[in-house]
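Notes follow once the structure below has been shown.
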């Protein structure tokens, strides 16, 4: 299958002797020209990567030695874009546009000819976790971000470069106790943590909380007959050139899982939970109720095993007056984690003295390292992020807030 670039921009950072290359681009559907959010951007056979933002945009920093390697852009339901890095280098000054073609649609009558139900497919995938995911120690280098919003206005932003160590994907005895160890490399934050509304958010370590949302690592999908009977099979799709099972569940929560037909590895998961009406906490003449949670977990394969590619979680909590039951204000927490490098079968460990503390990340910051962040793979800003910036910069420019 042939792929080509419509327009191009790839430039060396600083000079011809630069140690990094930065590819700035936009991934979109060739036919509709709609952007492709959270498409994976990587180098074929290498451990580094990034993802596009909600507008399909990305900045990908990679070693200059990779100029002869193959750039790959992957998206569920689409054929891969693949091209040598050197072949798309230009100096036009414009963002590069990468157009992906939709994969052929499979007829449902064909895809279900194997007679497997949605529950059958999911059961097999859950029993093969230890075959498809790492069973030797590994390291993940990643970018974490959280943003807090009250009544439609963003009040704080925190970003961190992290290193995550785990022994393996063996089933834990306690599904709600973190097994991974995390080392903070760099942290930067806005001044919003002085806002009086931050007390209405969880003050624990939010990155630990996000990692515990990995339903595959912590076996948080039920593997019993009653649940599996409710799982439906949808039409297959494609990813990386081969067919993918799609199974769904709707009830108290919505679940959609994409499963590789070759080995039954879970490659992508989406889940959404609505309001429960249950009281979460009480504070200063108010009580809060859980208003919903939306989650996405994406994995990518490296050296035959599946590793987290990115995670996003959006949770909402509403606060009411205890006497009148009237809504006082709404809070929303958005969290994301992008893994930009995988180190499998590692001998390096994160010691107890190196790992981050259990309390909030906002109390573990260090001097702002502007040079570090300039060449670190993060999720590129979107109009949503620009809304965050507009809200936060009512005090000071964000760069000054980071420095302060």
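The values are calculated or read from the model by the stated rules, or taken from the named source; none is laboratory data. Please read these numbers as outputs of a predicted model, since none were measured by experiment. Backbone-built Cβ (ideal geometry, glycine too); neighbour counts: all protein chains shown.
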Residue tally, condition crowded, with 18+ Cβ neighbours inside 10 Å and under 21 Å from residue 30 (Cα atoms), over the range 61-76: 6
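Inside the range 263-285, can you point out the residues that are outside any strand (DSSP E or B), surrounded by fewer than 16 Cβ atoms within 10 Å (Cβ to Cβ) and modelled with pLDDT of 95 or more?
Taking the range 263-285 and keeping what is outside any strand (DSSP E or B), we get 263-265, 274-278, 284-285.
Pick out the ones that are also surrounded by fewer than 16 Cβ atoms within 10 Å (Cβ to Cβ) and you get 263, 274-278, 284-285.
Passing the criteria: only 263.
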Is it fair to say residue 202 is within 22 Å of residue 357 (Cβ to Cβ), outside any strand (DSSP E or B) and either out of contact with any helix residue (DSSP H, G or I) (no Cβ under 9 Å at 6 or more places or on another chain) or not assigned by TED's automatic domain parsing to the domain that holds residue 307 (or both)? no
Residue that is surrounded by fewer than 18 Cβ atoms within 10 Å (Cβ to Cβ), free of Cβ contacts under 8 Å to residues at least 40 places away in the same chain and within 18 Å of the chain's Cα centre (by Cα), where the choices are 256, 341: 256
When the range 360-377 is examined, which residues are found to be at pLDDT 80 or above and either within 19 Å of the chain's Cα centre (by Cα) or assigned to a loop (DSSP other than H, G, I, E, B) (or both)? 360, 361, 364, 367, 368, 369, 373, 375, 376, 377
Identify, by number, the condition in (1) over 23 Å from residue 179 (Cα atoms); (2) part of a loop (DSSP other than H, G, I, E, B); (3) modelled with pLDDT under 90 that residue 357 doesn't meet. (1)
In the range 95-114, which residues are modelled with pLDDT under 70 and either under 20 Å from residue 57 (Cβ atoms) or assigned to a helix (DSSP H, G or I) (or both)? 108, 109, 110, 111, 112, 113, 114
A careful count of residues in the range 163-199 that are in a helix (DSSP H, G or I) and either within 18 Å of residue 311 (Cβ to Cβ) or touching a helix residue (DSSP H, G or I) at 6+ places or on another chain (Cβ under 8 Å) (or both) gives 4
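Take residue 187 and decide whether it is free of Cβ contacts under 8 Å to residues at least 40 places away in the same chain, farther than 20 Å from residue 349 by Cα, in contact with a strand residue (DSSP E or B) (Cβ under 7 Å, 6 or more places away or on another chain) and buried (at least 16 other Cβ atoms within 10 Å of the Cβ). Full working, then the answer.
Working: free of Cβ contacts under 8 Å to residues at least 40 places away in the same chain: no; farther than 20 Å from residue 349 by Cα: yes; in contact with a strand residue (DSSP E or B) (Cβ under 7 Å, 6 or more places away or on another chain): yes; buried (at least 16 other Cβ atoms within 10 Å of the Cβ): yes.
Judged against the criteria, residue 187 is not a match.
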For residue 234, indicate whether it is more than 23 Å from the chain's Cα centre (by Cα) and without any contact (Cβ under 8 Å) to a residue 60 or more places away in the chain. no
Residue identified as surrounded by fewer than 18 Cβ atoms within 10 Å (Cβ to Cβ) and touching a strand residue (DSSP E or B) at 6+ places or on another chain (Cβ under 6 Å) among 324, 289, 312: 289
Residues in the range 29-40 that are more than 10 Å from residue 75 (Cβ to Cβ) and either in contact with a helix residue (DSSP H, G or I) (Cβ under 9 Å, 6 or more places away or on another chain) or not in a loop (DSSP other than H, G, I, E, B) (or both) total 1
If residue 288 passes every condition in (1) in contact (Cβ under 8 Å) with a residue 40 or more places away in the chain; (2) closer than 23 Å to residue 118 by Cα; (3) part of a strand (DSSP E or B) but one, which one does it miss? (2)
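Any residue that is modelled with pLDDT under 95 and either surrounded by fewer than 16 Cβ atoms within 10 Å (Cβ to Cβ) or closer than 29 Å to residue 81 by Cβ (or both) - is there at least one of those in the range 245-252? Working first, answer last.
Here is the first cut: in the range 245-252, the residues modelled with pLDDT under 95 are 251-252.
With either surrounded by fewer than 16 Cβ atoms within 10 Å (Cβ to Cβ) or closer than 29 Å to residue 81 by Cβ (or both) added as a condition, the list becomes 251-252.
Yes, the range 245-252 has at least one match.
Checking the condition crowded, with 20+ Cβ neighbours inside 10 Å, closer than 29 Å to residue 249 by Cβ and assigned by TED's automatic domain parsing to the domain that holds residue 354, which residue from 166, 225 passes? Even if it seems obvious, please write down each step before you answer.
Numbers: 225 fails: crowded, with 20+ Cβ neighbours inside 10 Å.
Every option except 166 fails the conditions.
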